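The values are calculated or read from the model by the stated rules, or taken from the named source; none is laboratory data. Predicted model, so just to flag it, every value in this text is computed and none were measured. For neighbour counting, all protein chains shown are included, and Cβ atoms are generated from backbone atoms with ideal geometry for every residue, glycine included. Just so you know, the surface numbers come from the protein's heavy atoms only, side chains and all, with ligands and any DNA or RNA stripped out. Shrake-Rupley method; radii C 1.70, N 1.55, O 1.52, S 1.80 Å.
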Amino acid sequence: MTTKAGLFLRVATLGLCGIVWGMPGIVFADTVVVSADRMVDVLAGRVVDHPQITIVDGRITAVAAQGSAIAPGARHIDLAGMTLLPGLIDMHTHITSDPRYGGYRGLEFTDNFWTVVGVANAKKTVEAGFTTIRNVGSGNYDDVAIKQGIEQGFVPGPRIVPATYAIGATGGHCDDTEFPPSVAVPAPAVANGAAEIRATVRKLRKYGAEVIKFCGTGGVFSKTDTVGGQQYDLTEMKALVDEAHMLGLKVAVHAHGTAGINDAIRAGVDTIEHASLADAESFALAKQHGTWFSMDIYNDDYILAEGEKNGVFKESLAKERTIGLKQRQTFQAAVKAGVKMVFGTDAGVYPNGNNARQFVTMVKWGMTPMQAIQAATGNAAEALGRTADVGAIAVGRYGDLIAVSGDPLADVTRLQAVAFVMKGGDVVKAPGQ
């Protein structure tokens with residue numbers, strides 16, 4: 001006859017994951033305990049020495065000091081010499097993009113090639129320590145497909161909050177403007193006027209969008225528009241935001257130009273992406289409305305170094321040269337002004353998996369290491385509306401943990417070499433892998 005103690009021993013010996021069923025009517029939960037030298041408490045903004053984290057069935061049930069009782073049969077992972085942090089969150093990714101195929105080079109491949117690219121990028125991203133991403137634009141509903149594949153256990157990857165297509169005006173940044181009139185290109189998310197925009201929001205939600213992204217101004221990688229020119233008026237923006245919020249979805253707006261940024265905040269958007277030419281009025285409006293800025297200030301280095309080789313349009317490179325430094329200066333001013341910030345990199349414009357390189361740039365341009373880490377954890381979770389699930393090592397949240405050697409608050413570059421990744425209590429990456 002199998003005893004309860006015998007079943008616990010069996011679980012500990014085999015290291016089984018998930019729920020273990022034994023005697024009739026008895027269910028044993030999967031329990032894992034993680035300890036390390038230090039832990040970054042992002043909610044309190046402090047470092048905790050010798051933490052011991054207990055995770056049961058994928059969620060954190062205790063945050064205690066080492067030496068606290070450990071449940072019989074629990075798996076114990078000791079990360080000596082390392083610092084624990086919450087799984088990181090990137091609020092602006094394009095998981096199905098690869099910067100090596102710039103300009104017209106992407107036309108060499110079949111449509112579903114990008115799904116395969118996304119699967120590979122998802123693995124790189126989670127192994128880099130980003131256990132949650134908000135994907136703000138992909139074709140063919142690919143981000144939804146990859147999210148489903150990850151959740152069903154077919155491929156590894158982060159938790160994905162998908163936007164599906166980004167909504168935009170005819171001829172704008174979210175439209176395809178690099179072809180002549182004789183080449184018809186499908187445009188499932190190009191919408192003009194309040195009624196069309198509302199209908200498009202509903203359609204994207206129907207097919208899996210969990211956040212709505214739209215293009216409020218021009219951009220760098222569109223061929224024919226000006227980077228700062230406004231492309232939806234306040235009435236159109238407000239219709240989009242009202243529709244999304246009514247459906248329970250948050251809204252991100254691509255906005256470089258000042259007027260577009262300010263109207264988007266007035267319309268009620270949740271996050272401003274890029275925010276390159278935001279001014280003092282923008283900062284005041286953002287603080288008044290509780291709007292978050294998501295500023296991709298690392299990728300200018302990559303675009304200018306590699307863009308020409310990657311086939312990026314000369315028009316786009318010219319725009320990047322005019323906007324990159326200004327965006328970093330705006331970031332610095334926004335931090336000083338107390339604007340709420342999240343971590344967003346525009347991964348896909350540079351190689352996915354290198355997301356953590358932005359931490360150094362954020363610190364160089366005005367943030368403390370703790371502020372930069374909080375932007376990618378607690379702040380991002382709050383902006384997502386997911387504070388019950390992600391963004392902190394706290395009771396009730398998912399067991400999403402990463403670990404790095406040494407102290408990332410003393411040397412933020414350590415976040416570029418994540419040694420341990422756990423997602424929902426399951427080890428994704430172990431030291432030495």
Exercise for the section: Select from region 302-324 the residues that are part of a helix (DSSP H, G or I), touching a residue at least 40 places away in the same chain (Cβ under 8 Å), open to solvent by 20 Å² or more (accessible area, probe 1.4 Å) and within 18 Å of Arg100 (Cα to Cα) and list them in ascending order. Expected result: Tyr302, Glu306, Glu315
Practice task
Could you tell me whether region 173-184 includes any residue that is of a type in the set (Ser, Thr, Tyr) and within 18 Å of Thr217 (Cβ to Cβ)?
Solution key: yes
Practice task
Confirm whether Ile265 is touching a Leu at 6+ places or on another chain (Cβ under 7 Å), at pLDDT 95 or above and open to solvent by less than 10 Å² (accessible area, probe 1.4 Å).
Solution key: yes
Practice task
Filter region 366-391 for residues that are surrounded by fewer than 19 Cβ atoms within 10 Å (Cβ to Cβ) and of a type in the set (A, V, I, L, M, F, W, C) and give the result.
Solution key: Met370, Ala388
Fill in the blank from the handout: By residue number, the members of region 172-210 that are aliphatic (A, V, I, L, M) and crowded, with 22+ Cβ neighbours inside 10 Å are Ala189, Ala191, Ile197, Val201, Leu204, Ala209
Problem - Set Leu234, Leu249: member being on the phi < 0 side of the Ramachandran plot and touching a strand residue (DSSP E or B) at 6+ places or on another chain (Cβ under 8 Å) - result: Leu249
Exercise for the section: Among residues belonging to region 81-111 that are open to solvent by 70 Å² or more (accessible area, probe 1.4 Å) and of a type outside the set (Ser, Thr, Tyr), point out the one that is nearest to Ser294 (Cα to Cα). Expected result: Arg100
Handout entry: Leading residue by the ranking (least open to solvent (accessible area, probe 1.4 Å)) among those in region 118-157 that are among the hydroxyl-bearing types (Ser, Thr, Tyr) and out of contact with any strand residue (DSSP E or B) (no Cβ under 7 Å at 6 or more places or on another chain)
Key = Ser138
Exercise for the section: Could you grab the pairs with beta carbons closer than 9 Å, sequence gap of 6+ or different chains, first residue in region 206-224 and closer than 11 Å to Glu273 by Cβ and part of a loop (DSSP other than H, G, I, E, B), second one open to solvent by 10 Å² or more (accessible area, probe 1.4 Å) and among the hydrophobic types (A, V, I, L, M, F, W, C)? Expected result: Gly219/Cys174; Gly219/Val227
Exercise for the section: Tell me which residues, restricted to region 26-71, are of a type in the set (Asp, Glu) and open to solvent by less than 70 Å² (accessible area, probe 1.4 Å). Expected result: Asp30, Asp37, Asp41
Problem - Gly248 being of a type outside the set (Phe, Trp, Tyr), surrounded by fewer than 24 Cβ atoms within 10 Å (Cβ to Cβ), assigned to a loop (DSSP other than H, G, I, E, B) and without any contact (Cβ under 8 Å) to a residue 24 or more places away in the chain - result: yes
Exercise for the section: Tell me which residues, restricted to region 57-78, are assigned to a loop (DSSP other than H, G, I, E, B) and out of contact with any helix residue (DSSP H, G or I) (no Cβ under 8 Å at 6 or more places or on another chain). Expected result: Asp57, Gly58, Gln66, Gly67, Ser68, Ala69, Ile70, Ala71
Exercise for the section: Kindly indicate whether Ser276 is small (Gly, Ala, Ser) and assigned to a loop (DSSP other than H, G, I, E, B). Expected result: yes
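Matching residues to (1) touching a residue at least 24 places away in the same chain (Cβ under 8 Å); (2) farther than 14 Å from Asn354 by Cβ; (3) among the charged types (D, E, K, R); (4) not in a loop (DSSP other than H, G, I, E, B):
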position: Met91; (1), (2), (3), (4): yes, yes, no, yes
position: Asp98; (1), (2), (3), (4): yes, no, yes, no
position: Gly103; (1), (2), (3), (4): yes, yes, no, no
position: Val117; (1), (2), (3), (4): no, yes, no, yes
position: Thr131; (1), (2), (3), (4): yes, yes, no, yes
Practice task
Please work out if Gly229 is surrounded by fewer than 19 Cβ atoms within 10 Å (Cβ to Cβ), in contact (Cβ under 8 Å) with a residue 12 or more places away in the chain and either under 29 Å from Glu315 (Cα atoms) or in contact with a Pro (Cβ under 9 Å, 6 or more places away or on another chain) (or both).
Solution key: yes
